[in-house]
Amino acid sequence: MSKPRLNIGIVGYGFMGRTHSNAFRRVPNFFDVPYAPVLKAVCGRNRVRADAFQQTWGYESVETDWRRLVERKDIDVIDIASPNDTHAEVAIAAAQAGKTILCEKPLGRNGAESNAIVEAAEKASVPNMVWYNYRRVPAVTLAKELVREDRLGRIFHYRAKFLQDWTISKDLPQGGEGLWRLDVQVAGSGVTGDLLAHCIDTAMWLNGSIDSVAAVTETFIKERKHNLTGEIEKVGIDDASAFLARFANGSLGNFEATRYARGHKALYTLEINGENASIIWDLHDLHRLQYFDHRDERRLRGWRSIHITDGDHPYMKHWWVPGLQIGYEHTFVHQAADFLCGLANANVPAPSFRDAMATDYVTDAILAAAKNDNWQKVNSAR
């Protein structure tokens, strides 16, 4: 018996457009999902690039105006994989058109923009979800299970860092396709909204909400040539950001992100220290979870390296035999599977737009704390 079709219209043909498209293409091959996702249309401003993307990923049609895509009656889901400054306008219009909406992170360039998106989606009662894919790393999902089972006991510390090095050269321009993350008008912020947003989302999923923050940010290269104007312009994004956090459960957080850590392309690590046990995870070794339990027999007590490949580990029964690993792209397949199953049950899984707004409220507080040089309370998203 054939499954009902779910027609996907994606906005954006860059890196994230590829990851989302791959997820929808692969998910029916490995997961028994209730819908058959159909790559119905890709939308991008550059027709040549959009046509090439269509051919590569097998989309049925191409649009160059996202408004036409949103208006199409044959589109069920609008998937926003375009730069940050487009998220609000596209998402609000899609909500008003009654579409189910997926959006790449961050939801908005700031909390106010995210709030407008949330209000539109909730007013229209449309299903919505944000692609915070690191929740779907099997090792991180296992960490969530261990925390939920209270194996760690009372949590004392949460620490995370996300390090890159690709913007160190002073000759690197800002703005335009490929470098919009360096343009504050498009991105909203620098590493705070780009890299730390991932760390914050995962942290609040694992350890609960963040009440207040103290922060410092730095822009090391103050001026760069802008690709669109050709002029030397002030750089408005943060190159590095570090903050301390107080969680609602009383634990302390320590977070750092930078694009100026020479030798690091995407070093994302997290650690949780509890009364009974601790957990460490590293994106570079994403299929492993380091686990220490103080309740183990004393003479055998030590860190365990748990290889996340067995069928009883999260998501892994859908892949290969035990011992064989998966990678970054599979996290998006997992999220697509959870989305499709949740949609059929009228219960789309987290993170919702409102969940993502909570992360944007934290990033707002970080930037405010760094500017004002004091502790900043985080607005509630509930």
Checklist entry - Looking at LEU206, is it open to solvent by less than 60 Å² (accessible area, probe 1.4 Å), touching a residue at least 12 places away in the same chain (Cβ under 8 Å) and assigned to a helix (DSSP H, G or I)? => result yes
Checklist entry - Which residues, counting only those in the range 129-142, are open to solvent by less than 10 Å² (accessible area, probe 1.4 Å) and either out of contact with any Asp or Glu (no Cβ under 8 Å at 6 or more places or on another chain) or among the β-branched types (Val, Ile, Thr) (or both)? => result MET129, VAL130, ASN133, VAL137, PRO138, ALA139, VAL140
Checklist outcome for this item: All-but-one check, SER241 against (1) over 19 Å from the mean Cα position of the chain (by Cα); (2) touching a residue at least 60 places away in the same chain (Cβ under 8 Å), failing number (1)
Next on the checklist: Every residue in the range 217-229 that is among the hydroxyl-bearing types (Ser, Thr, Tyr) and in a loop (DSSP other than H, G, I, E, B), please.
Outcome noted: THR219, THR229
Checklist entry - Just checking, which of VAL77, VAL118, VAL130 is closer than 30 Å to TYR291 by Cα and β-branched (Val, Ile, Thr)? => result VAL130
Next on the checklist: Considering only residues that are hydrophobic (A, V, I, L, M, F, W, C) and either touching an Asp or Glu at 6+ places or on another chain (Cβ under 9 Å) or without any contact (Cβ under 8 Å) to a residue 60 or more places away in the chain (or both), which ones fall in the range 244-258?
Outcome noted: LEU244, ALA245, PHE247, ALA248, ALA257
Next on the checklist: Out of VAL235, VAL216, I need the residue that is β-branched (Val, Ile, Thr) and either under 18 Å from ALA358 (Cα atoms) or open to solvent by less than 50 Å² (accessible area, probe 1.4 Å) (or both). Which one?
Outcome noted: VAL235
Checklist entry - Of the residues in the range 143-185, how many are open to solvent by less than 30 Å² (accessible area, probe 1.4 Å), acidic (Asp, Glu) and over 14 Å from LEU228 (Cβ atoms)? => result 1
Next on the checklist: Checking LYS40 against (1) of a type in the set (D, E, K, R); (2) in a helix (DSSP H, G or I); (3) touching a Gly at 6+ places or on another chain (Cβ under 8 Å), only one condition comes out false. Which one?
Outcome noted: (2)
Next on the checklist: For the range 321-380, which positions are of a type in the set (Ser, Thr, Tyr) and in contact with an Asp or Glu (Cβ under 9 Å, 6 or more places away or on another chain)?
Outcome noted: THR359
Checklist entry - Is it true that some residue in the range 70-87 is assigned to a helix (DSSP H, G or I), within 21 Å of ILE366 (Cα to Cα), in contact (Cβ under 8 Å) with a residue 24 or more places away in the chain and open to solvent by less than 50 Å² (accessible area, probe 1.4 Å)? => result yes
Checklist entry - Do the conditions hold for SER189, that is, is it within 23 Å of the chain's Cα centre (by Cα) and either part of a strand (DSSP E or B) or at negative phi (or both)? => result yes
Checklist outcome for this item: Checked the range 270-299 for anything over 14 Å from LEU206 (Cα atoms) and either within 23 Å of the chain's Cα centre (by Cα) or modelled with pLDDT under 95 (or both); matches are ASP282, LEU283, HIS284, ASP285, LEU286, HIS287, ARG288, LEU289, GLN290
Next on the checklist: Let me confirm something: among ALA93, ALA97, ALA124, which residue is over 21 Å from the mean Cα position of the chain (by Cα), open to solvent by less than 30 Å² (accessible area, probe 1.4 Å), modelled with pLDDT of 95 or more and over 21 Å from ALA337 (Cα atoms)?
Outcome noted: ALA93
Checklist entry - Only one residue in ALA50, ALA41, ALA36 is in contact with a helix residue (DSSP H, G or I) (Cβ under 7 Å, 6 or more places away or on another chain), more than 14 Å from CYS341 (Cβ to Cβ) and at pLDDT 95 or above. Which one? => result ALA41
Next on the checklist: Test of understanding: among ALA242, ALA214, which residue is at pLDDT 95 or above, more than 21 Å from ARG262 (Cα to Cα) and either among the polar types (S, T, N, Q) or in a strand (DSSP E or B) (or both)?
Outcome noted: ALA214
Next on the checklist: Under 6 Å between Cβ atoms, which residue pairs at least 6 apart in sequence (or on different chains) link something in the range 5-23 that is buried (at least 23 other Cβ atoms within 10 Å of the Cβ) and part of a strand (DSSP E or B) with a partner that is modelled with pLDDT of 95 or more and polar (S, T, N, Q)?
Outcome noted: VAL11/SER82
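The values are calculated or read from the model by the stated rules, or taken from the named source; none is laboratory data. These figures come from a predicted structure and were not determined experimentally. In this analysis, Cβ positions are derived from the backbone assuming ideal geometry, glycine residues included, and neighbour counts consider all displayed protein chains. Ligands, DNA and RNA are stripped out before the accessible areas are found, and what is left, the full protein with its side chains, is counted by its heavy atoms. Shrake-Rupley method; radii C 1.70, N 1.55, O 1.52, S 1.80 Å.
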